[in-house]
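Asker: Structure below; questions to follow.
The values are calculated or read from the model by the stated rules, or taken from the named source; none is laboratory data. Remember, it's a predicted structure, so these values are computed and weren't measured experimentally. Cβ sites come from the backbone with ideal geometry, for glycine too, and all protein chains shown count toward neighbours. Accessible surface areas use protein heavy atoms only, side chains included; no ligands, DNA or RNA. Shrake-Rupley method; radii C 1.70, N 1.55, O 1.52, S 1.80 Å.
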Amino acid sequence: MSIKNAYLAGVYEGLAKRNAEQKEFLQAVDEVLESLEPVIEARPELEKNGLIERIVEPERVVMFRVPWVDDNGKVQVNRGYRVQFNSAIGPYKGGLRFHSSVNLSVIKFLGFEQVFKNSLTGLPMGGGKGGSDFDPHGKSDAEVMRFCQSFMTELYRHIGPDCDVPAGDIGVGGREIGYLFGQYKRITNSFVGVLTGKGIPYGGSLARTEATGYGLCYYTDEMLKANGKSFDGAKVVVSGSGNVATYANQKATQLGGKVIAMSDSNGYIVDENGIDYKVIKEIKEVKRARIKTYLDYVPSAKYVEGSSGIWTVPCDIALPCATQNELDLDGAKALVANGCYAVAEGANMPSTPDAVAYLQANKVLFAPAKASNAGGVATSGLEMSQNSQRLSWTFDEVDGKLQGIMKNIYANTAAAAEAYGMKGNLVAGANIAGFNKVADAMLAQGIV
Ligand code: NDP
Ligand code: 2IT
């Protein structure tokens with residue numbers, strides 16, 4: 001723990017005692033509370049109203065059995081989760097993750113960060129997150145459908161368009177959202193905007209698929225421009241090859257960068273000529289194959305087994321877009337040694353605390369996930385608006401609003417950092433700006 005303020009340290013210690021095994025959750029809380037020290041000193045009403053004790057405790061946690069039958073007729077059981085963290089500024093909102101590493105700690109860290117991220121978007125959304133330890137890799141479409149139907153058969157009673165609106169995350173893309181939506185509609189006999197990331201024919205928003213990766217690049221572009229730099233001519237390394245990574249590649253390329261490396265959980269590819277995002281889309285979305293398959297399309301590229309080495313590929317800008325704690329101190333040292341000048345987080349909490357500290361100490365521009373990857377959930381908010389109005393906007397309309405939102409988030413996070421004496425520290429700026437709005441709403445609503 002790095003928190004010095006006595007009130008914050010006391011709350012953290014109590015939380016750590018009650019949740020000793022939840023290391024990802026505690027890591028996320030530690031970072032936010034450390035940033036809030038000047039806020040707590042400036043706003044004594046927060047301690048008086050037990051604001052921090054309340055904000056670190058989810059409003060509700062649901063855990064449930066998800067039984068399903070595999071293609072061999074064997075019964076399988078997974079565990080399902082939905083953590084409804086905070087509804088002070090709007091209905092719970094946040095993705096569902098299907099990955100073998102999912103546990104309560106992972107879902108709570110994601111739900112906690114979602115509260116502040118959603119606040120930064122400026123849209124009326126509270127924070128939540130859910131998922132399962134189900135692993136879609138290697139499962140047939142029929143197995144994925146039966147799993148999703150079973151998952152929703154329990155989840156449906158806890159969610160709703162004005163209560164809690166889930167979306168995708170790792171392992172949950174258009175296919176899974178379709179199966180989940182179909183089952184919700186069948187059980188409740190209502191066609192409502194209860195999920196976002198839906199297909200375009202049944203209420204999805206244009207540009208939602210692209211939004212997280214695009215938004216990441218819009219935020220990064222603002223940060224670069226404010227420091228006299230740009231994507232133009234920059235060598236870019238993007239980890240992961242899923243939804244966020246693919247569209248980060250497309251937008252970084254459109255802005256003049258060259259994406260020379262990408263990865264999956266097995267290894268990474270390097271192509272000095274630039275990786276075409278359409279090839280990645282084909283490999284990952286159509287074939288659901290490994291990144292190594294890229295060599296079948298571009299034989300001159302290089303494949304290296306093991307994903308963590310990707311940070312040793314010399315680059316100007318690094319965009320971690322795979323998963324939590326994927327960029328550690330060794331990775332950060334390699335980036336700095338090779339002259340990297342900007343790191344912007346597409347994934348949630350991809351950088352370890354010592355990596356963040358090292359990058360900041362070495363004057364690398366650093367964009368924290370809560371701000372830089374907020375474009376996905378912001379566009380989910382735009383999908384909710386369209387569903388409520390029973391209208392759909394054009395791609396350019398949605399993309400234009402997304403650009404405006406990301407510009408605002410950059411301006412607000414930079415301004416909050418400066419206002420609290422930490423100019424340039426966007427980690428602190430994002431935590432403070434996201435927190436203040438939620439805290440004001442909680443204070444206004446009494447002790448609930
Ligand atoms: P996808 O499932 O589409 O892609 C995930 C990618 O990350 C895959 O390439 C996957 O490789 C890789 N990956 C996952 N787990 C690991 C691991 N343990 N080690 C190494 N690589 C791993 O997910 P998304 O692109 O949607 O999500 C990526 C990140 O972005 C997550 O942190 C998510 O929380 C965050 N995010 C997503 C948003 C969205 O709108 N989708 C919005 C904001 C944040 P493999 O196929 O081998 O597993
Ligand atoms: O982490 C995230 O912000 C997401 N996975 C997107 C959540 C959403 O509701 O669109």
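Asker: Distance from the Cα centre of the range 421-448 to that of the range 329-382, in angstrom?
Answerer: Rounded to whole Å, the Cα centres lie 20 Å apart.
Asker: Which residues in the range 236-271 have a backbone N closer than 13 Å to a point placed 7 Å from the Cα of GLU305 along the Cα-to-Cβ line?
Answerer: Counting only backbone N, you get 266-268.
Asker: Can you give the accessible area per residue of the range 342-448, in Å², using a 1.4 Å probe?
Answerer: Accessible surface, normalised per residue, equals 39 Å².
Asker: Something else now. Once the dipole of the chain is set up with Lys and Arg at +1 and Asp and Glu at -1 on Cβ about the Cα centre, which of VAL192, TYR219, LEU402 lies farthest towards its positive end?
Answerer: Farthest towards the positive end: VAL192.
Asker: Straight-line reach from LYS229: which aspartates and glutamates fall under 17 Å, measuring Cα to Cα and dropping same-chain residues less than 8 apart?
Answerer: Answer for LYS229, where 17 Å is the Cα cut-off: ASP221, ASP316, listed by chain and number.
Asker: Defining a contact as two alpha carbons under 8 Å apart and six or more residues distant in sequence, what relative contact order in percent does the chain show?
Answerer: 15 percent
Asker: Are there trypsin sites (Lys or Arg not before Pro) in the range 321-372 that DSSP puts in a loop and that have at most 16 other Cβ atoms within 10 Å, and which ones?
Answerer: Sites meeting the loop and neighbour criteria: LYS363.
Asker: Starting from the Cα-Cα distance between SER190 and SER265, subtract it from 0.36 nm times their residue separation and give me the gain in nm to one decimal.
Answerer: Between SER190 and SER265, full extension yields an extra 23.1 nm.
Asker: Note down the nm distance, to one decimal, between modelled labels 7 Å out along Cα→Cβ at ASN408 and at GLU21.
Answerer: In this crude label model, ASN408 to GLU21 measures out at 4.2 nm.
Asker: How much accessible area per residue does the range 1-88 have, in Å², with a 1.4 Å probe?
Answerer: Ligands and nucleic acids excluded, the figure is 49 Å² per residue.
Asker: Here's a follow-up. Less than 17 Å from a label point 7 Å out along the Cα-to-Cβ axis of ASP162: which backbone N atoms in the range 178-214 qualify, by residue?
Answerer: Those under the cut-off are 190-195.
Asker: Positive end of the dipole of the chain, charges at C-beta (+1 Lys, Arg; -1 Asp, Glu), about the Cα centre: which of HIS158, TYR92, LEU51 has its Cα farthest in that direction?
Answerer: Result: HIS158.
Asker: I would also like to ask the following. Let me know the charge dipole size of the chain about its Cα centre in debye, to the nearest 20, where only the beta-carbon of Lys, Arg (+1) and Asp, Glu (-1) is charged.
Answerer: In total the dipole reaches around 740 debye.
Asker: Here's a follow-up. Label points 7 Å out from Cα along the Cβ direction at ASP141 and LYS363: separation in nm?
Answerer: 5.5 nm
Asker: Of PRO201, PRO136, PRO38, which is the most mobile in a GNM of the chain whose springs link Cα atoms less than 10 angstrom apart?
Answerer: PRO201
Asker: Something else about it: What 222 nm value per residue comes from the helices of the chain, counting each DSSP H run with n ≥ 4 as -39,500 (n - 2.57) and dividing by all residues, nearest 500 deg cm²/dmol?
Answerer: -14500 deg cm²/dmol, from helical runs alone.
Asker: So, in Å, what gap is there between the alpha-carbon centers of the range 1-76 and the range 252-276?
Answerer: Distance between centres, Cα-based: 35 Å.
Asker: Pairs LYS225/LYS251; LYS23/LYS437; LYS235/LYS278; LYS251/LYS278: which exceed 21 Å Cα-Cα?
Answerer: LYS23/LYS437, as the Cα separations exceed 21 Å there.
Asker: A follow-up question, please. Can you give the net charge of the other residues whose Cβ lies under 9 Å from the Cβ of GLU210, counting K and R as +1 and D and E as -1?
Answerer: +1
Asker: Another question, if that's okay. What trypsin sites (Lys or Arg not before Pro) does the range 1-89 have in DSSP loop regions with at most 11 other beta carbons within 10 Å?
Answerer: Here the sparse-neighbourhood loop sites are LYS4, LYS74.
Asker: Relative to a virtual label point 7 Å from the Cα of LYS423 in the Cα→beta-carbon direction, which members of the range 208-237 show backbone nitrogen distances below 16 Å?
Answerer: Hits in the range 208-237 for LYS423 at 16 Å: 226-228.
Asker: At SER230 and ILE200, where each label point lies 7 Å from the Cα along Cα→Cβ, what is the point-to-point distance in nanometres?
Answerer: According to this spin-label approximation, the distance is 3.0 nm.
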